[in-house]
1. Determine the share of segment 118-160's accessible area contributed by carbon and sulfur atoms, expressed in whole percent, with a 1.4 angstrom probe.
2. Sorted by accessible area with a 1.4 angstrom probe, largest first, how do 339, 242 fall?
3. Test of understanding: what is the full-extension gain from residue 315 to residue 167, defined as 0.36 nm times their sequence separation minus their Cα-Cα distance?
4. With charges set only on the Cβ (+1 for Lys and Arg, -1 for Asp and Glu), what does the dipole of segment 172-246 come to about its Cα centre, in debye to the nearest 20?
5. With a probe of 1.4 Å, find how much accessible area segment 80-215 has per residue, and write the answer as a whole number in Å².
6. Say R0 is 30 Å: what FRET efficiency, to the nearest 0.05, do residue 112 and residue 51 get from their beta-carbon distance?
7. I want to make sure I understand the PRE zone here: with the label point 7 angstrom from the Cα of residue 160 toward its beta carbon, which residues in segment 93-132 have backbone N atoms less than 16 Å away?
8. Keeping all protein chains in place and using 1.4 angstrom, which order do 223, 178 fall into by accessible surface area, from largest down?
Amino acid sequence: MEEVEGQEVAMADGDDVLSYSQSVETFGVHRGQRIKNLNAFGGIKVKDHFSLSNPSSTVQFSDKEAIVFVDNTQQLVLQKGEDDDFFVARHVSTGTPGLFLIRAAYTLVTVLMTGVLFVFCIQVVLFLFLGLAIETGLTSQGSFNTFAVIGTIFAIPIFLQGMSQTMTFANTFCIDTWKGSKFIKTVFSWDSVLVDWISVFVFICLPLVVGCIALLSGTKYWWDITSMVWISSIFIYFIIFSCCAVFYEIDGCLELIRFHPKLRDGCNPDMNEYNSTTFKRAVLLRQRQKYGGYKYVAYTRTGVDPYPENLSYSEVKSQNSVKTIKGLMARFSQLPCMSRFFYKL
């Protein structure tokens, strides 16, 4: 095991597989694994780990061949030594001041858009509390509206969760913009240059053209019009980003249900994953996870005891060293008055 500038390059002895791993990027979408046979490496097969943000690339120059791992503006280059007895690992930075400057400008605009979105979310939540005060009759001489109060109380946690998830997507969008729209490039499998030109059009060209037209028309609200178009174009870009992220989250969930050995009961792996059976099972699993409560199980294992993952839940509970703690939602669902809504699985 050799450590190269904080990153590890490991070479397995059994199957001659050279592996390189790094931290998983947010919303990284990679189906399958690419395998390359590098003749310059003496026939060693190189297998990409799923955590790689970009697939490895083979570069050939002169009579030598190297494999390159790219991460944002950093590269790790592996090349055979002169006597083929060792690998030469080099760290190369491909970033330039101009690239960092333009990405900083893009990121600044996305942060401003995120601020506008944050203000909108705060206003929606505040209007909910204001509506609750109005419906209870605290701000006027009006009567107490029972159904409106109950509806508003139940709507508050749903809106809070929705707004928090929206801000999570917005924060991820800012990070992805700083990294060069890596998620968009991965999802659509477009050329990197094409995605960069789309970003230039959305962030610079479209607002600049609208501002010039507004100035030539002589309106005194040219900056207001330009700002609205600027924020709107980036917001549309953000909506596309969020829709892609949600789609691949759902796609991963359905694929997990179809192929996971503990979840695929009743699901045919040969069928299309977008079918009513898989969707129904995903919804029921989500409802059970969210509303069914949970129980913590602490299991102490000695040297002769079997591993917990090799035992069923009933076998684990039969052990003397098991301690269980029920969650608040589990206790709530077991109340006698809730027996009409919840049942024990």
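The values are calculated or read from the model by the stated rules, or taken from the named source; none is laboratory data. The structure displayed is predicted, hence computed values, not measured ones. FYI the Cβ positions are ideal-geometry reconstructions off the backbone, even for glycines, and counts take in every protein chain you see. Side chains are part of the model used for accessible areas, which takes the heavy atoms of the whole protein and leaves out ligands, DNA and RNA. Shrake-Rupley method; radii C 1.70, N 1.55, O 1.52, S 1.80 Å.
1. That fraction is 78 percent.
2. Reading off the accessible areas and sorting them downward yields 339, 242.
3. Additional length available on full extension: 49.0 nm.
4. Here the size comes out at about 60 debye.
5. With the other protein chains kept in place, segment 80-215 gives 61 Å² per residue.
6. Calculated transfer efficiency: 0.40.
7. Output list for this probe position: 121-132.
8. Descending accessible area places them as 223, 178.
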